[in-house]
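Read the structure below first, then the notes.
The values are calculated or read from the model by the stated rules, or taken from the named source; none is laboratory data. What you see is a predicted model, and the numbers here were worked out from it, not measured in a lab. Here Cβ is always computed from backbone atoms with ideal geometry, including for glycine, and neighbour counts include all displayed protein chains. Just the protein is used for accessible areas: all its heavy atoms, side chains included, with ligands, DNA and RNA removed. Shrake-Rupley method; radii C 1.70, N 1.55, O 1.52, S 1.80 Å.
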Amino acid sequence: KSSVVLTILLSFIVLGEPATPLVIAGGAIIAIGTFILIGKNEEKKRFTGSQSYILLAILGAVFAALTSILAKIGIEDVDSNLATFIRTIVIIVFSWGIVFFQGTQKEMKNITKKGYLFLILSGVATGLSWLCYFAAIAIGKVSIVAPIDKFSVVLAMILSFVILKEKPTKHTVIGGIVIAVGTVLLII
């Protein structure tokens, strides 16, 4: 999650949060763990063909980092649940606008009951994640909260091995461990 490093840097620059050695070290270690996760072999496979996904990934990281910074500024003197509600309304309008612009709303009838169930459960998990995240940034430092929140990458990897029966690779295990170490440094 390269957005973690950008979020930490922006929290120093925009929010004036202190650049403590542990935060800097934790962010650097998380960045190293992220690059380990990519791995050399997968990186070579990904660079064949269209390069547009790289630009989209970079933009995604930038927007994810800005999300935390803008939310921290906007949440000042605002209840975190109300802030989450306002953000959610914007996301709903934005998402539906894209769906209708593309004309993909017609595909809703093709989604199975199982698909709907798990998409709804995913939405509930997202909502709970946002509520917890906004409550955390309302009272804490973004440079600490955002990377801890992004520890979800490691948790998602573990759950993918257990629930989805995905096979762990050397890169995912080492990268996950390095990200976990970086996250621990931020908590200390």
* Asked: Pick from region 49-77 the residues that are assigned to a loop (DSSP other than H, G, I, E, B) and open to solvent by 50 Å² or more (accessible area, probe 1.4 Å): which of them is nearest to Lys141 (Cα to Cα)?
  -> Glu76
* Are any residues in region 10-39 among the small types (Gly, Ala, Ser) and closer than 16 Å to His171 by Cβ, and if so, which ones? -> Ala31, Gly33, Gly39
* Structure fact -> Within region 149-188, the residues that are assigned to a loop (DSSP other than H, G, I, E, B), crowded, with 17+ Cβ neighbours inside 10 Å and without any contact (Cβ under 8 Å) to a residue 40 or more places away in the chain are Phe151
* **Lys109, sole failed condition from (1) touching a residue at least 12 places away in the same chain (Cβ under 8 Å); (2) farther than 29 Å from Ile69 by Cβ; (3) of a type outside the set (Asp, Glu)** => (1)
* open to solvent by 90 Å² or more (accessible area, probe 1.4 Å) and either at positive phi or in contact (Cβ under 8 Å) with a residue 60 or more places away in the chain (or both) - does that describe any residue in region 117-128? -> no
* Structure fact -> How many residues of region 130-148 are open to solvent by 50 Å² or more (accessible area, probe 1.4 Å) and more than 21 Å from Asp77 (Cα to Cα)? The answer is 1
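For every residue, the table says whether it meets (1) under 19 Å from Ser152 (Cβ atoms); (2) modelled with pLDDT under 90; (3) touching a Leu at 6+ places or on another chain (Cβ under 9 Å).
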site: Glu17; (1), (2), (3): no, no, no
site: Gly39; (1), (2), (3): no, yes, no
site: Tyr53; (1), (2), (3): no, yes, no
site: Ala65; (1), (2), (3): yes, yes, yes
* Asked: Before we move on, is Gly33 in contact with a His (Cβ under 9 Å, 6 or more places away or on another chain) and either at pLDDT 65 or above or within 26 Å of Ile13 (Cβ to Cβ) (or both)?
  -> no
* Asked: List pairs: first in region 1-14 and of a type in the set (Phe, Trp, Tyr), second open to solvent by less than 70 Å² (accessible area, probe 1.4 Å) and part of a helix (DSSP H, G or I), Cβ under 8 Å, 6+ apart or cross-chain?
  -> Phe12/Ser143
* **Filtered residues of region 78-93 (kept if under 21 Å from Tyr133 (Cα atoms) and either of a type in the set (A, V, I, L, M, F, W, C) or open to solvent by 60 Å² or more (accessible area, probe 1.4 Å) (or both))** => Val78, Asp79, Asn81, Leu82, Ala83, Phe85, Ile86, Arg87, Ile89, Val90, Ile91, Ile92
